[in-house]
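Here the structure is laid out as structure tokens; the discussion comes afterwards.
Values quoted throughout were computed directly from the atomic coordinates according to the rules given, and no laboratory measurement underlies them. Remember, predicted model here, so these are calculated numbers, not experimental data. In this analysis, Cβ positions are derived from the backbone assuming ideal geometry, glycine residues included, and neighbour counts consider all displayed protein chains.
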Amino acid sequence: MNLFHRFKRLLARLGRQLPAPFHRLPEEWKQSYLRDEVKQRYVGTSVSKVKPQPKVFGIGLSKTGTSSLNEALVRLGYDSLHWTHRGQRVLGWPEFFYAEAATDTPCSAQFEALYHTFEHSKFIYTVRDIENWKASIREHFGMGSPREFRELWTEKRFWEGNFGWRWYNSLRWTQIHECLYAQHDTWETAYQAFDKRVRRFFEDKPSRRFLVMNIPGGDGWDKLCPFLSQDVPNEPFPHGGKTKGVIETNKVKQYKGEG
């Protein structure tokens, strides 16, 4: 094994993310490195299972019902992760590899890679009325424009004092939000660009692997359970993530492990 392949394996063990957005990378990276590297480990941990349950990924933007979807998956029996692993590391390849399900923007930023890596995985795209979403996302981040992200992470205070997974979280946070939001001038164009990206990617993919849900609009168990071949629970569909007044300074502390 040459030094190049040793280096790639080292990056995989560290759980480093390839540069975002993933869809701009050469096709050979999608088909060879990601699939072979991660799938090999996935198969290795599944040898004792007669029929491994397909992984489930929630790939909506922030404030589209990703928290509700995660809670619904938990109630259906999935070992599902949302945003971070146990409130520490922002989700990355190690978590995608081991978890049964994962939701939120760490999945959204690289759903193409996840699709090519986990061949039988299912993807749930959470959407929302765009006008309601714009009002909610502005309040969520405390930003009038997604361009303001770049002002934040060029400040020294965003990076200083970080070690271990806290430094990793700052890096992942930057990668994810640059991919989904910061490259756009308005929240509306950010939403539209991601929507176009998702629908274009899945337009020729099997319907058994892709579902669109408008949870704020009323979608719930009746739509989710048939897609996952699960029985409908005898309880209301969960609705989370409705906390108001969360501003960006507080969320930065959370992402850096200070909150």
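Provide the gained length on full extension for the span R75 to D129, in nm with one decimal, where the gain is 0.36 nm per separating residue minus the Cα-Cα distance.
Numbers: separation 54, 0.36 × 54 = 19.44 nm, distance 2.59 nm.
Additional length available on full extension: 16.8 nm.
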Checklist line | Proxy reagent accessibility, fewest Cβ within 10 Å first, across L73, L228 | finding: L228, L73
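Tell me, what is the FRET efficiency for D222 and T186 to the nearest 0.05, using R0 = 25 angstrom and their Cβ-Cβ distance as r? Could you put the intermediate results ahead of the total?
Working: r = 34 Å, r/R0 = 1.37.
For R0 = 25 Å, the calculated efficiency reads 0.15.
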Notebook entry, point to check: Once you sort the root eigenvalues of the Cα gyration tensor of the stretch 42-151 as a ≥ b ≥ c, which label holds: rounded (a/c under 1.5), prolate (a/b larger than b/c) or oblate (the other case)?
Noted result: prolate
Check: In a shell of Cβ-Cβ distance under 10 Å around R209, excluding R209 itself, what net charge do Lys and Arg (+1) and Asp and Glu (-1) give?
Finding: +2
Margin query: Give me K156, K196, K223 sorted ascending by neighbouring Cβ count inside 10 Å, so fewest comes first.
Written below: K156, K196, K223
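Exposure proxy check: I130, I59, I124 ranked by fewest other beta carbons within 10 Å?
Working: I130 13, I59 29, I124 26.
Going from least to most buried by this count: I130, I124, I59.
Could you list, in their original order, any pairs among K134/K223; K55/K134; K63/K205; K122/K223; K55/K196 whose Cα atoms are separated by more than 19 Å?
Details: K134/K223 25 Å; K55/K134 30 Å; K63/K205 26 Å; K122/K223 14 Å; K55/K196 24 Å.
Result: K134/K223; K55/K134; K63/K205; K55/K196 exceed 19 Å.
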Check: At what distance in nm do the modelled label points of R199 and Y98 sit from each other, each positioned 7 Å from its Cα along Cα→Cβ?
Finding: 3.8 nm
